[in-house]
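Engineer: Submitted below is the structure of interest, expressed as C-alpha cells.
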Amino acid sequence: MKGYAMLTIGQTGWIEKDIPKCGPADAICKPIALAPCTSDIHTVWSGALGDRHDMILGHEAVGEVVEVGSEVKDFKVGDRVLVSAITPDWNSIAAQEGYPMHSGGMLSGWKFSNFKDGVFAEYFHVNDADGNLAKLPEGMDLGAAAMLADMIPTGFHGVELADVQFGDNVAVIGIGPVGLMSVAAAAIRGAAEIFAVGSRKNCADLAREYGATDIINYREGDIVEQIMAKTGGKGVDKVIIAGGDNDTFAQAIEILKPGGIIGNVNYLGEGDFVKIPRVQWGCGMSHKTVRGGLMPGGRVRSEKLARLIMTGRIHPEKMITHTFQGLEGVEPALMLMKDKPRDLIKPLVLL
Ligand code: NDP
Ligand code: ZN
C-alpha cells in the first residue's frame, strides 16, 4: 500500500509498505477523511519525538472498516467510523488508574505516527477496536467528524485540565483549531469572559463566534499587559495554553490569579525547559497549578463529543478552510500546515 511518511527529521515523502496485519482485537480501516495536524509538523520538522524512519504520518481520520479481528464485538466490515487520534490499551493498568493516554508508558496511548504507522495511507491499523472506534453518526458532516479525532477532544481537554467553572474568566492562549475548540468548550462550561489570544483574522472571527468576549493580539503588544489591563490588574481564573512556545508558560503564570489553574495542551516541540517565573509563581507559594495533558481518546469520549455536533452545540466544520480530494491531497495539506498561510485554520482531505 501507499503511504505518506516521515523519512527522517525534516524530510517527508511517499513510500510503499505492506498492508498492516489485524490482531484478534483490532480493525483495519481505509480512510474516508483525513486531516494533518500541527503535531505532525512538530514531529517531522522539529524532530520533537526524536528520529523516525519511514513512519507513515497522520493521526486524524474518519474511516471505513475493511477487516476486524475475531474478538471484536461491535464493529463489522463496511462500518463508517470515527477514529480517535489517541488509541489506548483499555485493559491496561494505566487505563484503570484513569490515565489511558499513558497506557504502555508516558504518551504511549498516542500510537499513530508515533509508535506505529499513522493514517495517511490506503489502510491503517486500529488496536483495541471496540475501545477506540465509534460509529460515524448518520448525516454527520465529514469535516466535523474528522475534527473529532483530535481537535475537539484536545481543545476540550485543555478546558477539563483547567477545570473551568461557571463565571470564570478564562484566557485561551492560541486560537488555531485546538484553541478554538477550547474557546467553544469554555463557553459551554459557563466561562463569563474568554480572552482569546491569536493574530490571524479568521481565527479571531471564529473565536468570537464560538464565545470569545475579547481578542488579544500577541503581535500588537505584550499579552500580560493587555489581559491585566482588561481584568483591572487581577488576572484570570483559568488559562488554557494551545499555542505559543516555552516562554508562554511565563506569561500564563503571570496572568493567572492565585489559586488559578493552567491547562496546557500545547505540544512543546523544542528546548529543554519551560519557564515558570519564580516571583510571579509566588516564590513557590501561589497555589497556581500547572496541568498539562495528552487527550484521553476512546470510544465513549468520541460518542459524547459527537453528540455535541449532532445537537448543534458546536460547529467544528467552520474551522475547515481548505479541502483536498484523494489520498495524494495529504501532501499539499501537510505543507499548508507547515507554512501556515494566514487564511488557514484547518485543512481537510476527502477520499
Ligand atoms: P496552530 O499553529 O494552528 O495555532 C497556534 C495558535 O497559537 C495560533 O493562534 C497562533 O497565533 C498562536 N500563537 C503562536 N505564537 C504565539 C505566541 N508567542 N503567543 C501567543 N499565541 C501564539 O496550532 P493548533 O491549534 O493546530 O495546535 C495547537 C497546539 O496543540 C500544537 O502545539 C499542537 O501540536 C498541539 N496539540 C496537542 C495535542 C494534545 O493531545 N495535547 C493534540 C493535538 C495538537 P496566530 O494567529 O498568529 O497564528
Ligand atoms: Zn493531531
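Engineer: Ordered by packing density, taken as the mean number of other Cβ atoms within 10 Å over each peptide's residues, highest first, how do 229-237, 337-345 rank? Show your work: numbers first, answer last.
Structural biologist: On the way: 229-237: 15.4, 337-345: 13.7.
Per-residue mean Cβ counts within 10 Å order the peptides as 229-237, 337-345.
Engineer: Round to a whole angstrom and tell me the spacing of the C-alpha centers of the stretch 294-351 and the stretch 155-176.
Structural biologist: Cα centres, the stretch 294-351 to the stretch 155-176: 20 Å.
Engineer: Among G282, G158, G109, which one moves the most in a GNM of the chain with springs linking Cα atoms closer than 10 Å?
Structural biologist: Fluctuation is largest for G282.
Engineer: At 7 Å along the Cα-to-beta-carbon direction for both R342 and N217, put a label point, then send me their distance in nm to one decimal.
Structural biologist: 0.9
Engineer: Place the peptides 138-149, 82-93 in order of packing, highest mean first, counting for every residue the other Cβ atoms within 10 Å and averaging per peptide. Walk me through the numbers on the way to the answer.
Structural biologist: Details: 138-149: 20.7, 82-93: 22.4.
Packing proxy ranking, top to bottom: 82-93, 138-149.
Engineer: What residue among Q165, Q251, Q11 shows peak mean-square fluctuation when the chain is described by a Gaussian network model with Cα springs under 10 Å?
Structural biologist: Greatest mean-square fluctuation among the candidates belongs to Q11.
Engineer: At 7 Å along Cα-to-Cβ for each site, give me the label-to-label distance between H287 and D141 in nm.
Structural biologist: 4.2
Engineer: When only alpha-carbon atoms count, how far does the stretch 159-287 stretch along each of its three principal axes, as whole angstroms with the largest first?
Structural biologist: Sorted largest first, the three principal extents are 39, 32, 27 Å.
Engineer: Taking 0.36 nm per intervening residue step and subtracting the Cα-Cα distance, what contour gain separates H53 from E225 on full extension?
Structural biologist: Numbers: separation 172, 0.36 × 172 = 61.92 nm, distance 4.43 nm.
Fully extending the segment from H53 to E225 adds 57.5 nm.
Engineer: Do the sum for the chain: with -39,500 (n - 2.57) for every DSSP H run of n ≥ 4, divided by all residues, what is the mean residue ellipticity at 222 nm, to the nearest 500 deg cm²/dmol?
Structural biologist: On the way: 11 runs with 94 residues, N = 351.
That calculation yields -7500 deg cm²/dmol at 222 nm.
Engineer: About the Cα centre of the chain, how large is the charge dipole given +1 on each Lys and Arg Cβ and -1 on each Asp and Glu Cβ? Please answer in debye to the nearest 20.
Structural biologist: On the way: 34 positive and 43 negative charges, 147 e Å.
Approximately 700 debye in magnitude.
Engineer: So, one more: At T323 and F166, where each label point lies 7 Å from the Cα along Cα→Cβ, what is the point-to-point distance in nanometres?
Structural biologist: With each label point 7 Å from Cα toward Cβ, the separation is 4.0 nm.
Engineer: Beta carbons within 10 angstrom, averaged per residue: use that to sort the peptides 300-306, 191-197, 216-222, highest first.
Structural biologist: Numbers: 300-306: 17.4, 191-197: 24.3, 216-222: 13.7.
Averaged packing, sorted descending, gives the order 191-197, 300-306, 216-222.
Engineer: Multiplying the sequence separation of F115 and S46 by 0.36 nm and subtracting their Cα-Cα distance, what value in nm do you get? Each step should come with its number before you reach the end.
Structural biologist: Working: separation 69, 0.36 × 69 = 24.84 nm, distance 1.71 nm.
Value of the extension gain: 23.1 nm.
Engineer: Quick check: net charge around W90, other residues with Cβ under 14 Å of its Cβ, Lys/Arg +1 and Asp/Glu -1? Walk me through the intermediate numbers first.
Structural biologist: On the way: positive: K73, K111, R299, R301; negative: D26, E71, D74, D89, E97, D128, D130.
After counting each charged neighbour, the total is -3.
A short reminder: the numbers here are calculations on the coordinates, not readings from a lab. The shown structure was predicted, so the numbers you read here are calculated from the model rather than taken from an experiment. Please note: Cβ atoms are built from the backbone with ideal geometry, for glycine as well, and neighbour counts cover all protein chains shown.
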